[in-house]
Amino acid sequence: MATSTAARYSQTAIPHPDLIHRFRTSCARPLMGDILRDELGNRQYQVEEMAAVSKRISEIINKRLAKVPGLEGFKFITNVSIFQNDGQGARMFTSMVWDPDSDTAVQEIYTNENIKCVALVLAICVY
């Protein structure tokens, strides 16, 4: 199993967020799914490579989320875990409650014949 976590901090602070400035998982989940498919689509599980692959995917997700309009005031903590797909099950869970009005988590799962990948983004509003 390979796991990598990356954080990106935007310097743009906003006042306590209203409904308009809340993180929308509906924006992040498709973006994350596209990245996972692009990076892992035809890849075989190679234990020596997976740490670097998970780190690269974490960084790509952070960079692309930072470019999404309306998400300038968020810090993103991204965790990408890649497992070999041998038919086993896997579950991941995280919790955060800094500010339940604005902060949230979004998860996307990708599976192919050789790989299972769970990408998790914690979005923390900086105000």
Diffing the stretch 81-95: the Karplus 3J(HN,Hα) column from phi (6.51, -1.76, 1.60, θ = phi - 60°), in whole Hz with x for Gly and Pro, holds 10, 10, 10, 6, 8, 10, x, 7, x, 8, 9, 10, 8, 9, 9
Work through the residues other than residue 122 whose Cβ is under 10 Å from its Cβ and net out their charges, Lys, Arg +1 and Asp, Glu -1.
0
Net charge near residue 88: determine it from the other residues with C-beta under 15 Å of the C-beta of residue 88, scoring Lys and Arg +1 and Asp and Glu -1.
0
At a Förster radius of 22 Å, what calculated FRET efficiency corresponds to the Cβ-Cβ distance of residue 66 and residue 111, to the nearest 0.05?
0.25
Residues whose modelled amide H sits under 5 Å from the amide H of residue 127, counting only those 5 or more places away in sequence or on another chain, are 14
Students often forget the sequence filter, so: which aspartates and glutamates lie under 12 Å Cα-Cα from residue 55 once same-chain residues fewer than 8 apart are removed?
39
P(r) of the stretch 27-85 in 10 Å steps, Cα pairs, percent per bin?
21, 52, 21, 5
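No value in this document is a laboratory result; all are computed from the given coordinates. Nothing here was measured: the structure is a model prediction, and the numbers come from that model. All Cβ positions, glycine included, derive from the backbone under ideal geometry; neighbour counts span all protein chains shown.
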